[in-house]
Amino acid sequence: MHPPAPEPDRAEPAPDRLGEPSIAGTNAGPDHQPSNLDLASGVLVRRARRAPGGGWRRGVHRLTGGLLSPGLSASAAHHDELVARIRQPIGGDYRIAVLSLKGGVGKTTTTIGLGSTFASLRGDCVIAVDANPDFGTLAQRVRQQTDSTVRDLLRVADDIERYSDVRAHTSQAASRLEVLASERDPAVSEAFSEADYRDVVDILKVYYNIILTDCGTGIMHSAMRGVLDLADALVLVGSPAVDGARSAAATLDWLQHHGYGELVERTVVVISSPRPGATNVDMDALTGHFLSRCRALQVVPFDEHLAEGAEIELDLLRPATRLAYTELAAMVADDFPALTGRHAAPL
């Protein structure tokens, strides 16, 4: 009499091809409740790692037909992290005042560089307004598409019904940044008042998610109170020089003493280098002073393209300069969640 044959071992469900679990293996158990989350693209779709953009990593990726991907470099990963911060959603609109009490330190250049970076990396509408009463040059830094000014926009305010009605009065850079020019007649531009500025913002906030204002160098001119009252954040531009640093510090003092302490706390300081070469100024001391008073600080290096004083194209900037503006935009965008919904239309 033969002994009973041993019961065969229970084999584990064989995995499907490509190392994926079998259908039976995906069930979490009898208590598992189906959910729409089970059908999320992150669960159902296997995505390959993004191909490296350059260097030896890209060479290895191409030579192996994508079988080996060393992943992103530290600089590429840093750039992706900055872009993710810049692309944060905004509830309503976000208003940035770019200010400096001293001329020639790169205030208008910073407005275009920051605005162009936002416009090129976000999918929504970004506009820069020239609020300088003394023949502002903001519109000269992008390709001119119209002779209209802020005064022309105000003149037809009652007839504006759609985005295209506003777009007819703006010029657009290759980055998609739009610019609303100031009045070119100094006698007329002096009449640009606080009420006028508020009316302009009332129009733009319906169609644009980010509104930058290139302010004049005089903090006491008529429209300035409206600019500061409506601003969500301030970008204060200075230079790596004693007089430029003192001007920036004096601006913060004035704001603090006139009821804008909260705005000072949300200020991002930009140290813009107008000349090539190193400076004798102690940058560590300068940085430490402003970081003790403001939210963040960004240094923008000298760039020949910016120094031309002509139209600004992001693609013509040095990599270090473009990275500096991307970092600046991410610093500003870090404040988006804090003010989400502040300017959103009531339901």
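Computed from the coordinates by the stated procedures, all read-outs in this text should not be read as laboratory data. In this text, all values refer to a predicted model and were calculated from it rather than measured experimentally. Ideal geometry is used to build each Cβ from the backbone, glycine not excepted, and the neighbour counts take in all protein chains shown.
Once phi is turned into θ = phi - 60°, what whole-Hz ³J(HN,Hα) does the Karplus curve with 6.51, -1.76 and 1.60 give for every residue of the stretch 311-320, x standing for Gly and Pro?
Ordered by residue, 3J(HN,Hα) equals 4, 9, 10, 4, 5, 9, 7, 5, x, 5 Hz.
Considering the stretch 196-271, what Rg and Dmax in Å follow from its alpha-carbon atoms?
13.2, 41
Put +1 on the Cβ of every Lys and Arg and -1 on every Asp and Glu Cβ in the stretch 64-184; which of Ala119, Ala74, Val179 then has its Cα farthest towards the positive end of the dipole?
Value computed over the given set: Ala74.
Apply 1/(1 + (r/R0)^6) to the Cβ-Cβ distance of Glu262 and Ala195, taking R0 = 22 Å, and write down the FRET efficiency to the nearest 0.05.
That gives a FRET efficiency of 0.40.
Once you have a ≥ b ≥ c as the square roots of the Cα gyration tensor eigenvalues for the stretch 77-193, tell me rounded if a/c is under 1.5, and otherwise prolate or oblate according to whether a/b is larger than b/c.
Values: a/c = 2.08, a/b = 1.37, b/c = 1.52.
It is oblate, given that a/c is not under 1.5 and a/b is not larger than b/c.
Once phi is turned into θ = phi - 60°, what whole-Hz ³J(HN,Hα) does the Karplus curve with 6.51, -1.76 and 1.60 give for every residue of the stretch 249-266, x standing for Gly and Pro?
Whole-Hz 3J(HN,Hα) from phi for the stretch 249-266: 5, 5, 4, 4, 4, 4, 4, 4, 7, 10, x, 10, x, 5, 5, 4, 5, 9.
Just to confirm a number: summing +1 for Lys and Arg and -1 for Asp and Glu over residues other than Val142 whose beta-carbon lies under 10 angstrom from that of Val142, what do you get?
-1
Estimate the FRET efficiency between Glu161 and Ser75 by the formula 1/(1 + (r/R0)^6), using the beta-carbon distance for r and 41 Å for R0, to the nearest 0.05. Don't skip to the answer; put the middle values down first.
Numbers: r = 46 Å, r/R0 = 1.12.
Taking R0 as 41 Å, the efficiency between Glu161 and Ser75 is 0.35.
Taking θ as phi - 60°, what are the ³J(HN,Hα) couplings along the stretch 226-235 by the Karplus curve (6.51, -1.76, 1.60), each to the nearest whole Hz, with x for Gly and Pro?
x, 4, 5, 5, 8, 6, 8, 8, 10, 10
Counting only residues 5 or more places away or on other chains, whose amide H sits under 5 Å from the amide H of Leu212 once H atoms are built in the peptide plane?
Ile96, Ile127, Ala128, Val129
Which FRET efficiency value, to the nearest 0.05, do you get for Glu304 and Met283 by plugging their Cβ-Cβ distance into 1/(1 + (r/R0)^6) with R0 = 22 Å?
That gives a FRET efficiency of 0.55.
Pull up all non-local amide H partners of Val299: gap of 5 or more, or a different chain, and H-to-H distance under 5 Å with H placed in the peptide plane.
Ile271
Return the equivalent ellipsoid semi-axes of the stretch 89-339 as a descending list in whole Å, where each equals the square root of 5 times an eigenvalue of the C-alpha gyration tensor.
For the stretch 89-339, the ellipsoid semi-axes come out as 27, 20, 18 Å.
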